[in-house]
Amino acid sequence: MHKVKIGNRGIGEGHPVFFIAEIGINHNGDIGIAKKLIDVAHFAGCDAVKFQKRNPEEAVPEVYKDVKRETPWGIMDYLDYRKRLEFWENEYNEIDRYCRDKGIMWSVSCWDISSLRFIDKYGLSFLKVPSALITHKKYLERVKEIKTKRQVPVFLSTGMSDMESVEKAVGLLGEDNLVIMHAVGTYPVKHEDVNLNIIRTLKDKFNCPIGYSGHEVGLQISLAAVALGASVIERHITLDRSMWGTDQAASVETSGVIRLIRDIRIIERSFGSSDKRILDTEKSVMEKLRKVDDLS
């Protein structure tokens, strides 16, 4: 399997699960909320936080730009609403400084090529391809350029995709320095639609680490993904699931993030060895309880 390393962290079998706290746009355009979410991720022991970056003029389809949208800031055109949610250079400079001070990695899913150009100047430790762009050739070619030039790992989200689309994207990006993320593109996803067995399918098919980007309600499925061999877990986080925003309902609040990280680390310790043998801790119990009648 190709090795992937982010900072001083190895990704893949033999390494602890890499946990990404997806802030996305749950900050609602408020840098103060963003900092509070970074604080939550840092306190819970997450490895990284991730945001989403769009140039609304480029990312929003023409047909939607003038559509009216009811928002917490009043009724406005959808394009203006998207601009209202966005962070720009001042905010990302502050995010960069704040994360460095906290000692937590940060990254961004860029939803258009101009956002890729903008965010690359921060020299991030990894990039994320959102599911919406897995079939966008020019975008993937630009990601490949950055990946090759800076030897930066790329996380490929596979929501809203069939295996043919995944294979084509992986073929373009290359399996080196790549992590493929199983995902389902609904928010929140129904439990019966998660299809966690795809993690096994992806592990058999590709020679790179496989992760899981969860949009479900609750923590159980993300823990099951770890048990199935996911090397990376990504979950949206929020201060309050009742806040405004399309991703809030599929997000995890502070107490949930803390429990999730705790339980992932417990599961990791429980994997142990694949060698079936009598443990030293069993020997005293065996002396008291074992009944022997030679089976040979």
Problem - Candidate set from the range 203-234 (those that are of a type in the set (Val, Ile, Thr) and assigned to a helix (DSSP H, G or I)); member that is farthest from LYS3 (Cα to Cα) - result: ILE221
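Scan the range 203-234 for residues that are of a type in the set (Val, Ile, Thr) and in contact with a helix residue (DSSP H, G or I) (Cβ under 6 Å, 6 or more places away or on another chain) and jot them down.
Result: ILE210, VAL226, ILE233.
State which residue is nearest to ASN26 (Cα to Cα) when the search covers only the range 75-87 and only residues that are surrounded by 12 or more Cβ atoms within 10 Å (Cβ to Cβ) and without any contact (Cβ under 8 Å) to a residue 24 or more places away in the chain. So that I can check it myself, show each step before the final result.
Of the residues in the range 75-87, the ones surrounded by 12 or more Cβ atoms within 10 Å (Cβ to Cβ) are 76-87.
Okay, now just the ones that are also without any contact (Cβ under 8 Å) to a residue 24 or more places away in the chain, so 76-81.
On the way: MET76: 19, ASP77: 20, TYR78: 17, LEU79: 18, ASP80: 17, TYR81: 14 Å.
Only one residue fits best here, namely TYR81.
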Problem - Pairs with Cβ under 6 Å, 6+ apart, first in the range 59-74 and among the polar types (S, T, N, Q), second at pLDDT below 95 - result: THR71/TYR81
Practice task
Exactly one condition in (1) surrounded by fewer than 14 Cβ atoms within 10 Å (Cβ to Cβ); (2) closer than 22 Å to ALA249 by Cβ; (3) not β-branched (Val, Ile, Thr) is not met by LEU219; state its number.
Solution key: (1)
Exercise for the section: Output yes when any residue across the range 235-243 is out of contact with any helix residue (DSSP H, G or I) (no Cβ under 6 Å at 6 or more places or on another chain) and assigned to a helix (DSSP H, G or I), and no when none is. Expected result: no
Practice task
Select from the range 227-240 the residues that are crowded, with 24+ Cβ neighbours inside 10 Å and of a type in the set (A, V, I, L, M) and list them in ascending order.
Solution key: ALA230, VAL232, ILE233, ILE237
Exercise for the section: Determine if the range 33-49 includes at least one residue that is touching a His at 6+ places or on another chain (Cβ under 6 Å), crowded, with 16+ Cβ neighbours inside 10 Å, touching a residue at least 60 places away in the same chain (Cβ under 8 Å) and closer than 28 Å to SER222 by Cβ. Expected result: yes
Exercise for the section: Within the range 9-43, count every residue that is over 18 Å from ARG259 (Cα atoms) and within 18 Å of the chain's Cα centre (by Cα). Expected result: 11
Completion exercise
Going through the range 251-279 in order, the residues found to be surrounded by 16 or more Cβ atoms within 10 Å (Cβ to Cβ), in a helix (DSSP H, G or I) and not β-branched (Val, Ile, Thr) are GLY256, LEU260
Problem - Single unsatisfied condition, LEU202 versus (1) closer than 30 Å to ASP39 by Cβ; (2) surrounded by 13 or more Cβ atoms within 10 Å (Cβ to Cβ); (3) within 17 Å of the chain's Cα centre (by Cα) - result: (1)
Exercise for the section: Could you tell me whether the range 193-209 includes any residue that is in contact with an Asp or Glu (Cβ under 7 Å, 6 or more places away or on another chain), touching a residue at least 24 places away in the same chain (Cβ under 8 Å) and within 18 Å of VAL129 (Cα to Cα)? Expected result: yes
Problem - Check on VAL4, buried (at least 19 other Cβ atoms within 10 Å of the Cβ), among the β-branched types (Val, Ile, Thr) and at pLDDT 95 or above - result: yes
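The values are calculated or read from the model by the stated rules, or taken from the named source; none is laboratory data. Remember, predicted model here, so these are calculated numbers, not experimental data. All Cβ positions, glycine included, derive from the backbone under ideal geometry; neighbour counts span all protein chains shown.
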